[in-house]
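Notes to accompany the following structure.
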Amino acid sequence: MEKDYTTSGAQKLLYLLNEKEEVSVNELKEKIGKYTKTQFLEMAECLEDKGYKVYVDKSKTLFSLKEKPGYKPVSDVVRTVKIGFISNPRLVSSYSTIGALYAAYKIFDMEDVVWVNVVGNLFNDTLYNKRSIARRKEYLEEMEDLERRVDYISKIYPKLEGRKTHVVIGKRDIAYDKRFKEWKNQVEILDSKREDIRVEGREFQPVYGTNIRIYLYSVQNDDGVSQYYTYDAQRRVEKLHLEEKYFNIVVFGGYHIPFEFPNWGVANYVISLPSLIFQTEHMKTLRKVEPIIGCYVLELRLSKKDESGRRKLVELRTRFYNLSKFAKPKDFYDVPVLDDFREKRLVEYLFERNEATLGDLSRLLGLSRDKVIEYINLVNSKYKEKIKIYEEGKKYKIKLPLKMNFSYPEFDKKDFEEVIVGAISDTHINSPYFSEEKLKYVLSEFKKEKADLIIHGGDIFEGFPGAEVYSGQRYEITTKSGEELVDLLTKFFELLSSYKIPVVVISGNHDNKLFKQIGWDVIKYLVRKLFENKIFYAGDEIGIVSFNNTVLFSIVHPRGGAPYTLGTPLEKFGRKSSKSTILMLGNYHKACFVYDKNPRYLLPSLKYRDTFFETGALVSHEGAWLVKFYVSKPSREIFIVENRFIDISEDLDKLLDERNLMEIINIKKESGNN
């Protein structure tokens, strides 16, 4: 084979594509040579670089110069990698759900992920050595047979055609087999039964041909977060020894709450995965955590190949899918449809509680104990193939057949309304550490993504002449008079409004110092006097914004310094916000996302590290959030949250190079806004 196969192969590929409407990989192997599918994609990419539009089907086996349904541009395929993630299904426990698992794999198929990662505890362990009553409630006696359990999962676990599921072993995947009196790795047994499931034992997952490494960790305290969401994860990341020449993504399973933060220690991005299990008694009483049921898709957008033949990461996006509506505990049992009211109550009661005394059932059905026994015998006789109610140790239990057939749910994007928000904060525009060029870069990214709304979380300016001290900290300012500050603010608001995207701002503690000194709220005055219907002033350090009657934002600029734990302010202010509210916090100069009943954000700064941060060795995140919310039209529930952290800590030239490129404010979405 030629060393530079892409150029010569691209010419032959173009000739064949001009002859036929579509060409298969098998035909290309006959006409061009026995290259791999990936190499043919690179040939097609070479044609795109020369100005031709080449399309490929979902299976990446058919090429065409014409755009067809189900086909994508080749550059989108070779320069985009999507990976699916789930954590803690804990099959088959009394708190696990198969419905949400199938929903996750349906999403992975729709997203066309290249592989799936299960980060910890695919299985539940066994009752061996479990003395706690709360713990014992997690286990189903009939599933204590490991051979039966793994055989069942091997038959019903969802599949993605042509793609693998990689499983990181969690502590519950190792279970004690009473029959053989030994500990066994359940995932290894499943691996031997299913070709598409693999034990992930590598130190990291390389994204081949790129500068990206993914590190997967199943944390041992797998019953939830230990303190304010992110504390344990931050500590763990700080202890990692990763090579800085790579873009390192660290993914945790076991916290049960989704959260993300960039640039911590040697990790460029950190993700905690949601769960696929309901709240257990142990989680409720000890950890005080309620799992968020869902899955993740990580999307990596790549550059063209450099001289060394590698691609670099240009853009990272995450998508969290809330799967709570598809989840039902113990939905792997085939519960028959019952018409009789008493039969239905009896079966549902025993199914939910696992066991009940005769007295419990007597009170439930309103029958004497003798009549209850007669009724149980009647149900057993009537549904002998599907239901068996039996007595064991003075308690009644129910046995139902295992469900063998599961269906994938259907998703229609028409059922969801998309809201795109660009979120910035702490610009400190008259600080020498503020860069207008970087602000323009961020705003252009918002414009490119057709953002519906821009939110500013406060601290628009640094200070004003004669008041350069705040809480004992002396800061530098570039404006020498009040007139200069007003002029600078006017130009700043003109720049924001020039992108023709509605902007919402609140005042921060730095902005308020002027108001307290001379009684003039310059932000409020300028916005309402000069930028009506373009920029909306939402309040002093706090504002509530309803966008298009679809989503509600609570924007807060708290006072006080930033705690070490990123999740602390999000927990503190989040517990006061409603389920339907999206919380955005300025002031802290840090970036973090948490989803716990509702989406919550720490907003990074657009001011790079000044002497205060440098001398105190404090972490500062410079950048912005670009977020897409997919909202269910009838219920207004948020189904998908897509996050992109726009990192501006690098030089602007490098950023451009790598791309190759409270009062409630009601805002209506206007057509043609962008």
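The values are calculated or read from the model by the stated rules, or taken from the named source; none is laboratory data. Computed from a predicted model, the values in this text were never measured in an experiment. Positions of Cβ are backbone-derived with ideal geometry, glycine not excepted, and every protein chain shown enters the neighbour counts. Note: areas computed on protein heavy atoms with side chains; ligands, DNA, RNA excluded. Shrake-Rupley method; radii C 1.70, N 1.55, O 1.52, S 1.80 Å.
Listed values, structure above:
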{"read-out": "Region 561-588: number of residues that are within 11 Å of residue 598 (Cα to Cα), hydrophobic (A, V, I, L, M, F, W, C) and assigned to a loop (DSSP other than H, G, I, E, B)", "value": "0"}
{"read-out": "Total residues in region 247-288, condition surrounded by 18 or more Cβ atoms within 10 Å (Cβ to Cβ), of a type outside the set (Asp, Glu) and over 30 Å from residue 94 (Cβ atoms)", "value": "13"}
{"read-out": "Subset of region 82-96 that is β-branched (Val, Ile, Thr) and modelled with pLDDT of 95 or more - its residue that is nearest to residue 143 (Cα to Cα)", "value": "86"}
{"read-out": "Failed condition for residue 563, given (1) more than 30 Å from residue 257 (Cα to Cα); (2) touching a helix residue (DSSP H, G or I) at 6+ places or on another chain (Cβ under 9 Å)", "value": "(1)"}
{"read-out": "Subset of region 166-210 (residues that are surrounded by fewer than 14 Cβ atoms within 10 Å (Cβ to Cβ), aromatic (Phe, Trp, Tyr) and more than 15 Å from residue 123 (Cα to Cα))", "value": "180, 208"}
{"read-out": "Residues (of a type outside the set (Ser, Thr, Tyr) and not in a helix (DSSP H, G or I)) located in region 176-190", "value": "177, 178, 179, 180, 181, 182, 183, 184, 185"}
{"read-out": "Residue list for region 22-34, filter: open to solvent by 30 Å² or more (accessible area, probe 1.4 Å) and either within 32 Å of the chain's Cα centre (by Cα) or among the polar types (S, T, N, Q) (or both)", "value": "26"}
{"read-out": "Sole residue being of a type outside the set (Phe, Trp, Tyr) and over 30 Å from the mean Cα position of the chain (by Cα), chosen from 424, 420, 387, 454", "value": "387"}
{"read-out": "Selection count, region 512-560, where residues are under 30 Å from residue 575 (Cβ atoms), in a helix (DSSP H, G or I), open to solvent by less than 10 Å² (accessible area, probe 1.4 Å) and not polar (S, T, N, Q)", "value": "1"}
{"read-out": "Restricting region 132-145 to residues that are outside any loop (DSSP other than H, G, I, E, B) and open to solvent by 60 Å² or more (accessible area, probe 1.4 Å), the residue that is nearest to residue 177 (Cα to Cα)", "value": "141"}
{"read-out": "Residues of region 99-129 satisfying the condition of being surrounded by 21 or more Cβ atoms within 10 Å (Cβ to Cβ) and assigned to a loop (DSSP other than H, G, I, E, B)", "value": "113, 120, 121, 122, 124, 125, 126"}
{"read-out": "The listed residue being assigned to a loop (DSSP other than H, G, I, E, B), more than 22 Å from the chain's Cα centre (by Cα) and not acidic (Asp, Glu), out of 362, 308", "value": "308"}
{"read-out": "Hits in region 507-547 (condition: among the small types (Gly, Ala, Ser) and modelled with pLDDT under 90)", "value": "519"}
{"read-out": "Residues of region 374-395 that turn out to be among the basic types (Lys, Arg) and out of contact with any strand residue (DSSP E or B) (no Cβ under 8 Å at 6 or more places or on another chain), as a count", "value": "4"}
{"read-out": "Extreme residue, surrounded by the fewest Cβ atoms within 10 Å (Cβ to Cβ), among residues of region 460-479 that are in a loop (DSSP other than H, G, I, E, B) and at pLDDT below 65", "value": "472"}
{"read-out": "Residue list for region 430-456, filter: within 22 Å of residue 490 (Cβ to Cβ) and open to solvent by 10 Å² or more (accessible area, probe 1.4 Å)", "value": "432, 433, 434, 435, 436, 437, 438, 440, 441, 444, 447"}
{"read-out": "Conditions (1) in contact with a Gly (Cβ under 7 Å, 6 or more places away or on another chain); (2) of a type outside the set (D, E, K, R); (3) farther than 23 Å from residue 295 by Cα; number of the one not met by residue 168", "value": "(3)"}
{"read-out": "First in region 67-90 and acidic (Asp, Glu), second anywhere and open to solvent by less than 40 Å² (accessible area, probe 1.4 Å), Cβ under 6 Å, 6 or more apart", "value": "67/55"}
{"read-out": "Scan of region 585-603 for residues that are charged (D, E, K, R) and either touching a Cys at 6+ places or on another chain (Cβ under 7 Å) or on the phi > 0 side of the Ramachandran plot (or both), ordered by number", "value": "597"}
{"read-out": "Residues of region 332-357 classified as in a loop (DSSP other than H, G, I, E, B) and open to solvent by less than 30 Å² (accessible area, probe 1.4 Å), total", "value": "3"}
{"read-out": "Count of region 45-96 residues which are of a type in the set (A, V, I, L, M) and either closer than 21 Å to residue 16 by Cβ or touching a Cys at 6+ places or on another chain (Cβ under 6 Å) (or both)", "value": "9"}
{"read-out": "Check on residue 372, farther than 30 Å from residue 648 by Cβ, touching a helix residue (DSSP H, G or I) at 6+ places or on another chain (Cβ under 6 Å), among the aliphatic types (A, V, I, L, M) and buried (at least 18 other Cβ atoms within 10 Å of the Cβ)", "value": "yes"}
{"read-out": "Of residues in region 589-619 being over 22 Å from residue 292 (Cα atoms) and open to solvent by less than 20 Å² (accessible area, probe 1.4 Å), the one modelled with the lowest pLDDT", "value": "610"}
{"read-out": "Which numbered condition residue 37 fails, given (1) in contact with a Phe, Trp or Tyr (Cβ under 8 Å, 6 or more places away or on another chain); (2) open to solvent by 70 Å² or more (accessible area, probe 1.4 Å)", "value": "(1)"}
{"read-out": "Selection from region 401-419 of residues that are open to solvent by less than 10 Å² (accessible area, probe 1.4 Å) and out of contact with any Ser or Thr (no Cβ under 9 Å at 6 or more places or on another chain)", "value": "none"}
{"read-out": "Set 577, 554, 620: member being polar (S, T, N, Q) and within 17 Å of residue 270 (Cβ to Cβ)", "value": "620"}
{"read-out": "Residues (modelled with pLDDT of 85 or more and small (Gly, Ala, Ser)) located in region 129-181", "value": "154, 162, 170, 175"}
{"read-out": "Condition check for residue 12: surrounded by 13 or more Cβ atoms within 10 Å (Cβ to Cβ), within 30 Å of residue 190 (Cα to Cα), touching a helix residue (DSSP H, G or I) at 6+ places or on another chain (Cβ under 8 Å) and charged (D, E, K, R)", "value": "no"}
{"read-out": "From the options 163, 148, residue that is part of a helix (DSSP H, G or I), at negative phi and open to solvent by 20 Å² or more (accessible area, probe 1.4 Å)", "value": "148"}
{"read-out": "Selection within region 404-419 - closer than 15 Å to residue 326 by Cβ, assigned to a loop (DSSP other than H, G, I, E, B) and not polar (S, T, N, Q)", "value": "406, 408, 409, 410, 411, 412"}
